[in-house]
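Visitor: Below is a structure I'd like to ask you about.
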Amino acid sequence: MTSGLVRGDGLFPAAAYERDDESSDDRFYAVPRKVVHIDDGTIATLSRLYDQILPAEGRLLDLMSSWRSHLPRDHAEVVGLGLNAEEMADNPQLARSIVHDLNRDPRLPFDAASFDGAMCAVSVQYLVHPVTVFREVRRVLRPAAPFVVSFSNRCFPTKAVAVWLSSTDAQHVTLVRAYFEAAGGFTDVHADDRSPEGGDPLYVVWGRAA
């Protein structure tokens, strides 16, 4: 773990960011898991939301990336940052990918103001340094660039942080909003329930770099 950082970044007690499985994340994700946490209808809803919020052109960061990015169209460049190289290699929308463990080192390996948008799909529940990661996302975004965080009610429970597992869906929304606010540097933060009728739940919180 990066020296000097406390789990939860001081937003909540460190115990709130403990996990049932505290083994190395890169070991847990070493085996490709080409699964999705939301059904096809909910994926389509997320794609439509991306179409509304993310820029049609430019460079995007897919944070905690995997084998699918759920983007509605191809972009000039999508950079994936995740834990499994094989999964990201199978993602047809990624121009390049970087294996990086955000729980070991929440600093992003990118220059400041180098992306036109960022997204994190159904993975925010695994972060043990969420505020630091959100602050880093703000650093690498250009002014007015959006950051879209989506989540549902599914996860790998042994790797999700305690505060997530003990919270309701509505409280998850409040929690992710708190990450944006504690990180600072974001404006126009919105939260919405985009759950499609008959599909998996979908909650989205997004803001723009100031």
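Visitor: Give me the extension gain from Asp101 to Ala76: residue separation times 0.36 nm, minus the current Cα-Cα distance, reported in nm with one decimal.
Guide: Details: separation 25, 0.36 × 25 = 9.00 nm, distance 2.53 nm.
Stretched out fully, the Asp101 to Ala76 stretch lengthens by 6.5 nm.
Visitor: Follow-up. No solvent, one uniform scatterer per C-alpha: report log10 I(q)/I(0) for segment 39-128 via the Debye equation at q = 0.11, 0.18, 0.24 1/Å, two decimals.
Guide: Cα-only, vacuum Debye calculation for segment 39-128: -0.29, -0.79, -1.37.
Visitor: When the chain is modelled as a GNM with alpha-carbon springs shorter than 10 Å, which of Ala112, Ala145, Ala121 fluctuates the most?
Guide: Largest GNM mean-square fluctuation: Ala112.
Visitor: Around Asp111, under 13 Å between beta carbons, what's the net of Lys plus Arg minus Asp minus Glu among the other residues?
Guide: Details: positive: Arg59, Arg107, Arg139, Arg142; negative: Glu136.
Every neighbour counted, the sum reads +3.
Visitor: Does segment 71-169 classify as rounded, prolate or oblate by the C-alpha gyration tensor (a ≥ b ≥ c root eigenvalues; a/c under 1.5 gives rounded; else a/b over b/c gives prolate, otherwise oblate)? Don't jump to the answer; show the numbers that get you there.
Guide: Values: a/c = 1.61, a/b = 1.36, b/c = 1.18.
Judged from the Cα gyration tensor, segment 71-169 comes out prolate (a/c at least 1.5, a/b above b/c).
Visitor: Here's something else I'd like to know. Using a Gaussian network model of the chain with C-alpha springs under 10 Å, which one of Gly198, Gly58, Gly185 is most mobile by mean-square fluctuation?
Guide: It is Gly198.
All of the numbers you see were taken from the coordinates with simple rules; none came from a lab. Since this is a predicted model, take the numbers as computed values, not measurements. Neighbour counts are summed over all protein chains in view; Cβ atoms, including those assigned to glycine, are modelled from backbone coordinates with ideal geometry.
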